[in-house]
Amino acid sequence: MEITVAHTPDADDAFMFYAMTAGKIEMPFKVVHVIEDIETLNRMAFDGGLDVTAISVHAYAYLHDKYRILSAGASVGDGYGPIVVAKNDVEVEGRRIAVPGKYTTAYLLLKLAVDEFEPVEMRFDEIIPAVKRGDVDAGLLIHEGQITYERHGLTKVLDLWEWWYDKTRLPLPLGVNAIKRSIPEDMQKAFLKAMRESIDYALNNADEAVEYAMKYSRGLDKETTKRFAMMYVNEYTYEMPDSVVKGIDALLTMAEKKGFFEKPPVDILFL
């Protein structure tokens with residue numbers, strides 16, 4: 001059987017999929033990789049053409065009829081998460097803010113935390129240049145921009161991890177791997193098992209996996225690439241604990257209370 005697996009062109013996803021890509025683990029299926037930025041994957045998932053895909057937790061609210069969450073492969077912030085940056089220390093209310101897509105969890109968090117702002121959608125890697133040029137007042141950063149923004153002379157004006165943790169005291173679920181409901185249950189579990197083995201291999205062979213991830217590091221040095229990859233590939237990624245399940249539930253509940261969407265059932269596949 002051939003399975004289409006979609007993930008982002010980022011060091012953390014490359015790190016966790018390394019063993020699967022490089023044939024370091026045995027799998028009862030062939031994997032065809034699709035690599036796109038997270039908002040592109042969110043939108044592609046609406047068509048249901050991807051067997052397994054990274055999606056934002058926000059996007060899951062609209063995709064739960066087609067996909068279920070895998071208990072391995074989640075990107076979870078714990079002490080860090082999306083941030084808003086600007087050239088100077090400014091209030092974010094009422095500002096033009098570049099955002100990396102309206103289905104990203106970062107955008108949902110920003111909508112929960114800030115009452116009034118004008119979103120300007122663009123690719124995540126275009127946001128820092130747009131802020132520096134003054135095209136927007138501020139930018140919502142995901143991926144490695146969270147740890148490199150100071151190199152560009154920018155200032156953090158809102159930390160959405162701090163906002164979240166103050167409200168919930170829970171880890172912050174940002175992205176998940178999701179699998180099509182139409183795939184037979186035994187194959188869903190076989191993929192989940194392989195996903196866990198791939199993550200386990202990366203965590204136990206970090207330098208080897210980072211070498212592979214460097215091709216998706218967008219110019220970062222090896223140490224920064226490793227730091228970023230291991231921020232988002234950790235014990236939460238190997239198997240989702242109850243605290244992360246509670247985090248997903250809390251995020252979707254907050255959004256429902258704000259009237260953004262009707263909260264879906266949180267359906268997670270465990271081995």
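What follows is calculated from the coordinates using simple rules that are stated; it is not laboratory data. All values reported here derive from a predicted model rather than from experimental measurement. Quick reminder, even Gly has a Cβ in these numbers, built from the backbone with ideal geometry, and neighbours come from all protein chains shown.
Side notes on the structure shown:
- Leading residue at positive end of dipole, the chain (Cβ point charges), from 18, 270, 67: 67
- Karplus-based coupling profile of segment 133-148, in residue order and whole Hz: 6, x, 5, 9, 6, 7, x, 8, 9, 10, 6, 5, x, 4, 10, 10, with θ = phi - 60° in 6.51 cos²θ - 1.76 cosθ + 1.60 and x standing for Gly or Pro.
- If you look at the Cα atoms of the chain, you get an Rg and a Dmax of 17.8, 53 Å.
- Global size of segment 83-168 as Cα Rg and Dmax, reported in angstrom: 11.5, 36
- Near the amide H of residue 269, within less than 5 Å, lie the amide hydrogens of 69, 70, 71, all on another chain or at least 5 residues away, with H placed in the peptide plane.
- Residues 222, 66 arranged by fewest to most Cβ contacts within 10 Å: 222, 66
- Around the Cα centre of segment 49-165, unit charges on the Cβ atoms of Lys, Arg, Asp and Glu (plus for the first two, minus for the last two) sum to a dipole of about 280 debye.
- Annotation: amide H of residue 77 within the under-5 Å range of 172, 174, sequence separation 5 or more or interchain, hydrogens built in the peptide plane.
- Test item: Cα-centred dipole of segment 126-253, Lys/Arg +1 and Asp/Glu -1 on Cβ, debye: 240 debye
- Both numbers refer to the Cα atoms of segment 224-271; Rg and Dmax are 14.1, 39 Å.
- In order through segment 36-47: 3J(HN,Hα) via Karplus (6.51 cos²θ - 1.76 cosθ + 1.60), integer Hz, x for Gly, Pro: 8, 5, 4, 5, 4, 5, 3, 6, 5, 5, 4, 7
- DSSP-assigned coil residues among GluC sites (Glu not before Pro) in segment 23-99, each with at most 10 further Cβ atoms within 10 Å: 26, 93
- Dipole-positive endmost among 145, 31, 52 within segment 1-156 (Cβ charges, Cα centre): 31
- Taking GluC sites (Glu not before Pro) across segment 175-271, the ones in a DSSP loop with at most 11 further Cβ atoms lying within 10 angstrom of their Cβ are 262.
- Along segment 53-61 the Karplus relation, 6.51 cos²θ - 1.76 cosθ + 1.60 evaluated at θ = phi - 60°, assigns HN-Hα couplings of 8, 6, 9, 6, 4, 4, 5, 4, 4 Hz to successive residues, with x for each Gly and Pro.
- MRE, 222 nm, helices only [DSSP H, n ≥ 4, -39500 (n - 2.57), over the chain, to nearest 500]: -12000 deg cm²/dmol
- Once Rg and the Kirkwood radius are both taken over the C-alpha atoms of segment 1-128, their ratio Rg/Rh works out to 1.02.
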